[in-house]
Amino acid sequence: MPFRGEALGFELGVSEIEVTPRMTLAYAAGIGDTGPEMLDDASADGVVAPPPYCVSLEWPVVIGGRGRERLGLAPEESRRSVHASQDSIFHRPVRPGDRLRTTGQIVAVRPTRAGTFTMTRLATVDAVTQEPVVTSWSGSMYRGVELVGDGGQLASGPDAPELPADWSASQASTVSISREAPHVYTECAQIWNPIHTEREVALAAGLPDIILHGTATWALAERELRRAYYPGRPQVLKRLCGRFSAMVIPGTDISVDHSLVRDGCVVFRVTNADGEEAISGGFIEFQD
């Protein structure tokens with residue numbers, strides 16, 4: 001079945017979660033974010049969630065929602081969806097004890113040579129005060145799925161800051177991705193797709209092996225960048241953006257290359273073991 005253009009504007013539903021220490025501690029441990037601000041919940045200041053934890057709040061909305069049949073997809077076509085980009089704006093840190101509500105709306109649908117591309121706006125707010133917590137723009141590609149209808153765009157994400165078109169890395173760090181990393185991330189982030197953990201499923205989907213979640217690579221990049229520029233201060237993260245461009249195979253290394261382009265703004269890319277950009281067009285913004 002094709003993807004229906006009438007899905008434009010579709011409200012995906014609501015997820016409400018009370019954040020527990022177990023959730024944030026597990027996520028931090030799953031990406032090796034081991035600072036006391038993440039893992040020492042007995043400290044006077046308590047702990048905060050690593051900023052990329054926002055994807056764990058968004059996942060139930062992305063895969064669940066109500067009336068997903070309105071998208072017009074058979075189950076096997078839904079499984080062809082690949083996370084293509086993530087642009088998240090952090091209004092305040094997430095802490096254990098928060099009760100957070102996340103909603104999503106499909107705000108762009110368009111055909112491409114690879115299939116149908118969608119952009120979903122995800123908003124996480126404090127369920128009590130309605131204070132904004134995280135706003136994300138999540139791009140997905142439905143590989144090989146035809147779009148029927150006009151599609152279109154209701155809203156676009158925030159503009160990127162003015163960044164150099166060509167830049168050289170002033171710093172780089174190498175991160176080893178263990179063979180079990182996708183399994184650990186799956187359980188600690190509570191984000192499950194069998195192509196990341198079950199090799200038989202990955203091979204049947206045409207992949208060369210199981211692959212690391214794009215959001216795990218994104219989170220590891222954020223960890224490395226924060227350590228380089230604002231160690232121990234996750235609360236200063238303002239925005240994290242990147243396109244998921246190539247696969248990361250567990251059991252290999254990635255390189256996080258980055259450069260400070262002005263105060264509080266860093267450009268970065270992540271390359272995989274084959275020298276391909278696993279994350280391209282990356283930038284991160286901090287605020288004091």
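Worth a mention:
- Scanning segment 233-273 for residues that are of a type in the set (Val, Ile, Thr) and either touching a strand residue (DSSP E or B) at 6+ places or on another chain (Cβ under 7 Å) or not assigned by TED's automatic domain parsing to the domain that holds His183 (or both) returns Val236, Val248, Ile254, Val256, Val261, Val266, Val267, Val270, Thr271.
- Residue check for Glu276: charged (D, E, K, R), modelled with pLDDT of 95 or more and touching a strand residue (DSSP E or B) at 6+ places or on another chain (Cβ under 6 Å): no
- Per-region count, segment 81-114, residues within 21 Å of Asp150 (Cβ to Cβ) and either touching a Cys at 6+ places or on another chain (Cβ under 9 Å) or without any contact (Cβ under 8 Å) to a residue 60 or more places away in the chain (or both): 5
- Here Gly282 clears all of (1) buried (at least 20 other Cβ atoms within 10 Å of the Cβ); (2) out of contact with any Cys (no Cβ under 7 Å at 6 or more places or on another chain) except the condition numbered (2).
- Qualifying residue in segment 255-265 (condition: at pLDDT 95 or above and closer than 30 Å to Ile63 by Cβ): yes
- As for segment 201-210, it holds no residue that is touching a residue at least 12 places away in the same chain (Cβ under 8 Å), within 14 Å of the chain's Cα centre (by Cα), buried (at least 23 other Cβ atoms within 10 Å of the Cβ) and assigned by TED's automatic domain parsing to the domain that holds Asn272.
- Output for segment 93-109, where each listed residue is closer than 30 Å to Ser43 by Cα and either loosely packed, with under 15 Cβ neighbours inside 10 Å or not aliphatic (A, V, I, L, M) (or both): Pro93, Arg95, Pro96, Gly97, Asp98, Arg99, Arg101, Thr102
- Where Pro96 falls short, out of the listed (1) closer than 24 Å to Pro234 by Cβ; (2) out of contact with any helix residue (DSSP H, G or I) (no Cβ under 9 Å at 6 or more places or on another chain): (2)
- Trp137 falls short on exactly one of the conditions (1) among the hydrophobic types (A, V, I, L, M, F, W, C); (2) closer than 24 Å to Gln235 by Cβ; (3) free of Cβ contacts under 8 Å to residues at least 40 places away in the same chain, and that condition is (3).
- Residue that is out of contact with any Phe, Trp or Tyr (no Cβ under 9 Å at 6 or more places or on another chain), among the small types (Gly, Ala, Ser) and modelled with pLDDT of 95 or more, where the choices are Ala44, Ala7, Ala26: Ala26
- Taking segment 110-183 and the strands (runs of 3 or more DSSP E) fully enclosed by it, the elements with 2 or more residues that are loosely packed, with under 12 Cβ neighbours inside 10 Å are at 171-176.
- If you check Pro250, Pro231 for being of a type outside the set (Ser, Thr, Tyr), touching an Asp or Glu at 6+ places or on another chain (Cβ under 9 Å) and in contact (Cβ under 8 Å) with a residue 60 or more places away in the chain, only one passes: Pro250.
- Selection within segment 141-193 - more than 27 Å from Glu285 (Cβ to Cβ) and of a type in the set (Phe, Trp, Tyr): Tyr142, Trp192
The values are calculated or read from the model by the stated rules, or taken from the named source; none is laboratory data. As the structure is a computational prediction, the values presented were derived from the model and not from experiment. Here the Cβ is made from the backbone with ideal geometry for all residues, glycine too, and neighbour counts use every protein chain on show.
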